[in-house]
Amino acid sequence: MQHPAKPPGNMETHTPDFPLASSRPTLNGQKTAKSARDSFSAYNNKYLTVPQDRTCLHNRVNGAFEAPSCVESFSSSIINNYLERTQGETVEKASSSGMHFSDSKRKVDYVLAYHYRNRLAHHLPGAGSPKATRGSASLALVSNGGAEKGPAEPRRQEGGQCAPQERLASPGPEVVELGPLDALEEEKRLQREEYERNLMEAGLEIEKDPENKSQGLSFVRIHAPWQVLSREAELLKIKMPTKKVYEITEEGGILKKLNEIWCKLTEPLQPQLPQQENTNMKSLSYPFSREKIYLYNIKDKDTFFDNATRSRIVREILKRTSTKARNSMGIGTLIANNVYDAAYPLHDGEYEGQNDDMNDRKLLYQEWARYGVFYKFQPIDLIRKYFGEKIGLYFAWLGLYTEFLIPSSVVGIIVFLYGCITIESDIPSKEMCDQRNAFTMCPLCDKFCDYWNLSSACATARASHLFDNPATVFFSIFMALWATMFLEQWKRLQMRLSYFWDLTGLEEEEEHPRPEYEIKLLQKKLKHKNITAENSNEVQIPEGGGLKKMDPALSPVSSGGQEDEEKLTWSDRMPGYATNFGLILFMIMLTFSAVFGVIVYRITTAAALSFSTKETTRSNVRVTVTATAVIINLVVILILDEIYGAVAKWLTEIEVPKTEKTFEERLILKAFLLKFVNSYAPIFYVAFFKGRFVGRPGHYVYVFDGYRMEECAPGGCLMELCIQLSIIMLGKQLIQNNLFEIGIPKLKKLYRKLKDERTEPKETNTSQSKDPQQWDLDYSLEPFTGLTPEYMEMIIQFGFVTLFVASFPLAPLFALLNNIIEVRLDAKKFVTELRRPDTVRAKDIGIWYNILSGIGKFSVIINAFVIAVTSDFIPRLMYQYAYSQNGTMHGFINHTLSYFNVSHLKAGTQPENSPFARDVLFCRFKDYREPPWSQNQYEFSKQYWAVLSARLAFVILFQNLVMFLSVLVDWMIPDIPKDISEQIKREKVVLVDFFLKEEHEKLKLIESFIARDQQKHKSGTKGERIRAASFSQFNRSPKGSFASCSSQHTEV
């Protein structure tokens, strides 16, 4: 390409730099496509004016301005804290770990990723020569908005001034055609430049990748220097260790010996971590202050703030830095608007590899995130150090919950074994299985079902005894107290962690408003402003005989509502609240509809199978219907769970909560309500409603004109409740908690990889090394979406363990087996499959504790009703002590069965082709009703009302007894351990003494300086006197008298 000659003399035609903040394409009378116009109203033009030359760039390194100088295009240029790597510079200059800038000194604290698409230059007819169009393709906008020529190299003159650059043939600005996508990309680019400039004004330092492809992925690496870290740490009141170290006093006596024995026994279970020198010593922490920087133990400014704290500080700056374009309120809005794709801190390197460099991530993987170390304790302190307090508290809670499942599993196994051992001595099940007791039962369906013998249900009765025995009552009481003790122990562990993690006295940080809230508030202000402007023209007051316009500022419309402009009121949120109420009600009704649909399936399928000609099919109707219905229930629950999660998030968004904490709490409540109803509705139906509204022979309750309501099995509904609970619980744990957690992230990662390969062209990039850097590796990982799904699955499991544990004593055992896998699965996911989360300080688990406490109290009521209503515990107790002749259970089955005269069956409902029709006069059915020979035939008998009264009395007694014991346990176990409360008091005393000592030393130092200054002043005064005496001696008169000297002065 030939360059034109320079203008004669010193005359140069400089085109102004392309300004960053106000850069807009020139209007040429044509508009872009509708999509671009709707999204970017400011960019509804089609052509962009690009200057043909650039002025000298003002470089600023680390915030300091330098003299104007020319920057060579093949070297790395630092512009406004930018470090732009060009094609001539390779990534090999970066540190081998991929954790630093290309200077291998400044640490990468945060990374912003975005996809770019370079503008395709379309030559506008008549705008210039084709050479100019080709030349314009080599222009690139640099950080200060100037247009930089790729091939041309500026020359440096003496004195650091830039030499005139050679121009292209076209002397004026070139007009480049912009398509709709180009306008979109131009808007995003300008927003990125403005945002990054604002970040640099906040003191951050930035390194960018070159955009040397037509389109691709680029990264912005951010480093926070010491000045920014110290400033933000003081603003955020981050506690940092001081120079003072004090000893943690341990309890003596028998507790100390027991603790030592326990530590020796569990030594093989401890993770192999680098041992600290003094484990019983603790550094005194104090909120960071630059004025008191002499208090802190600062050995190296680069390592004083760890990686988690550095990334947390940068994240706070990113959240509060805004741009003018499109009302951006921070990095969250920019990511939502696809200006950036992601923002994340870096992991501490690879978690596995050939190199011997050990980092926290690799240590976590080796000692925590592998299935081979499932038997080891969790390194909670290292988890907290790497992921932050919020995630550390989650894994501490999960570990304690899993440990508490061990004793409950042991007791559950004992209860189950008790049922197995006593099954042969159970008199009711033996009577039911005895062939000699010919209990002829009434038909289970109309016309097609025959009379049947009760002994055919022997297997069901024997299986029911495994879970329906006196030991289950004890187990229900035990689990209620277990839940109380678990919550109390968690409060104690939480307080202990708060002390060692310096969370005591943690103040609630003032949260930034969510971007959606700010946008909604801005829309309200604009709407209010428009109404005020319209009404200001109409507000007039009479003056004399005419009208005079009133000042809008004095108008009631403008003056009123100032408070409403500052926040969203309930009236602003009323549409969202109404939508929430209506949609949540609809979702609950949808769940009930699904349960009702499965009930209809049970009824119709049982009726259809009863018509079968095969004897095996008719004999296994109940088993077939129960198993298939439970599987259908499980599939429906899994599908609705995913739907409800998305619906709960959308409902929370339209409420427009102000802060992230409020958003999270409302989302948790909605999701828990919907998923709780979805998971437990089928179980509640089997436990409390199935078989309660059947009717009696001759007067059955029908649905859909001919289908009878389903009944419980002869052994009761408890066995079916056990089957329902076990399949749903195990299915959710196996499919949703494990397969989904493993499979879905891998599918998302594969989809994102294929998408990137499809969108990015196959172009060679000389600036990229063969080995990907850490920011590339972390970008390919799945983004962290919060702890809500992790907590939710454990809370639902906690409900399965506590709510219906009377019907399934093995539930804690299956929960324990699941959690042993769940801990390592979550650990592996956090370490290897997720981007590093932002560290969040939290002193508790938040609203989840209230939900756990509520489930624990609710479980007492549910288990009381399960024992009293669903099981046969109360009828057996009543028969043994009230109706039995000899105080034993002999005759119990006959006592619970009522008589029915088969001649009273309705016409058309009698069994067809029954071989027993002539021999059967009375059939039996399970209920407490008067016999047909009684005056009040088929009415509820006295035994029914007596048993019902006993059931209600047991519910009241059981509930009050267990609640009293729970309150007693809560009162006996203090929330704060005694040693921790003493350590907190001692820490306060040590802190005061430390400050007084430091201030005393500071005061002594100041006094020594003052004394030294006074001594210098005295010596200086003495020297002046000596000099004055010598001077007067030198000026004496010949007579030698001092008075004569003064007289001479007087004369003068």
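The values are calculated or read from the model by the stated rules, or taken from the named source; none is laboratory data. Owing to the predicted nature of the structure, the values given are computational and were not obtained by experimental measurement. Quick reminder, even Gly has a Cβ in these numbers, built from the backbone with ideal geometry, and neighbours come from all protein chains shown. Just so you know, the surface numbers come from the protein's heavy atoms only, side chains and all, with ligands and any DNA or RNA stripped out. Shrake-Rupley method; radii C 1.70, N 1.55, O 1.52, S 1.80 Å.
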Do we find a residue being within 30 Å of E998 (Cα to Cα), at pLDDT below 85 and polar (S, T, N, Q) anywhere in region 223-232? no
Which residue out of V410, V415 is closer than 17 Å to S807 by Cα and free of Cβ contacts under 8 Å to residues at least 24 places away in the same chain? V410
Could you go through region 717-728 and let me know if any residue there is modelled with pLDDT of 80 or more, among the charged types (D, E, K, R) and over 35 Å from the mean Cα position of the chain (by Cα). yes
With the requirement that a residue be in a helix (DSSP H, G or I) and over 30 Å from the mean Cα position of the chain (by Cα), what does region 196-214 give you? R197, E201
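If a residue counts only when it is out of contact with any His (no Cβ under 6 Å at 6 or more places or on another chain), surrounded by fewer than 15 Cβ atoms within 10 Å (Cβ to Cβ) and at pLDDT 65 or above, which helices (runs of 4 or more DSSP H) contained entirely in region 484-592 have at least 2 such residues?
Answer list for region 484-592: 515-536.
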Would you call Q937 within 30 Å of G695 (Cβ to Cβ), in a helix (DSSP H, G or I) and not hydrophobic (A, V, I, L, M, F, W, C)? no
Answer with yes or no whether F395 is touching a residue at least 12 places away in the same chain (Cβ under 8 Å), more than 30 Å from H347 (Cα to Cα) and either open to solvent by 50 Å² or more (accessible area, probe 1.4 Å) or assigned to a helix (DSSP H, G or I) (or both). no
Kindly evaluate Y751 against the criterion of being at pLDDT 90 or above and in a helix (DSSP H, G or I). no
Where a residue in region 648-672 is basic (K, R) and its partner, wherever it lies, is assigned to a helix (DSSP H, G or I), with Cβ under 7 Å and at least six apart: K649/L667; K658/Y517; R666/T652; R666/E655; K670/I584; K670/A648; K670/L651; K670/T652
Picking from E615, E642, E655, which residue would you name as being at pLDDT below 90, closer than 28 Å to A336 by Cα and open to solvent by 30 Å² or more (accessible area, probe 1.4 Å)? E642
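Residue-wise test of (1) touching a helix residue (DSSP H, G or I) at 6+ places or on another chain (Cβ under 8 Å); (2) not charged (D, E, K, R).
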| position | (1), (2) |
| --- | --- |
| E930 | no, no |
| R951 | yes, no |
| L957 | no, yes |
| W971 | no, yes |
| P977 | yes, yes |
| K985 | no, no |
Restricting attention to region 239-248, does a residue exist that is modelled with pLDDT under 80, among the aliphatic types (A, V, I, L, M) and not in a loop (DSSP other than H, G, I, E, B)? no
When restricted to D300, D306, the only residue without any contact (Cβ under 8 Å) to a residue 12 or more places away in the chain and either in contact with a Leu (Cβ under 8 Å, 6 or more places away or on another chain) or open to solvent by less than 90 Å² (accessible area, probe 1.4 Å) (or both) is D300
The lone exception for N359 - which of (1) surrounded by fewer than 19 Cβ atoms within 10 Å (Cβ to Cβ); (2) closer than 17 Å to E822 by Cβ it fails: (2)
Residue check: is E260 under 33 Å from the mean Cα position of the chain (by Cα) and under 30 Å from K985 (Cβ atoms)? no
Which of (1) closer than 18 Å to Y110 by Cα; (2) in a loop (DSSP other than H, G, I, E, B) is the odd one out, the single condition V831 does not satisfy? (2)
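Output the number of residues of region 411-430 satisfying the condition of being part of a helix (DSSP H, G or I) and open to solvent by 80 Å² or more (accessible area, probe 1.4 Å).
Residues that pass the stated criteria total 5.
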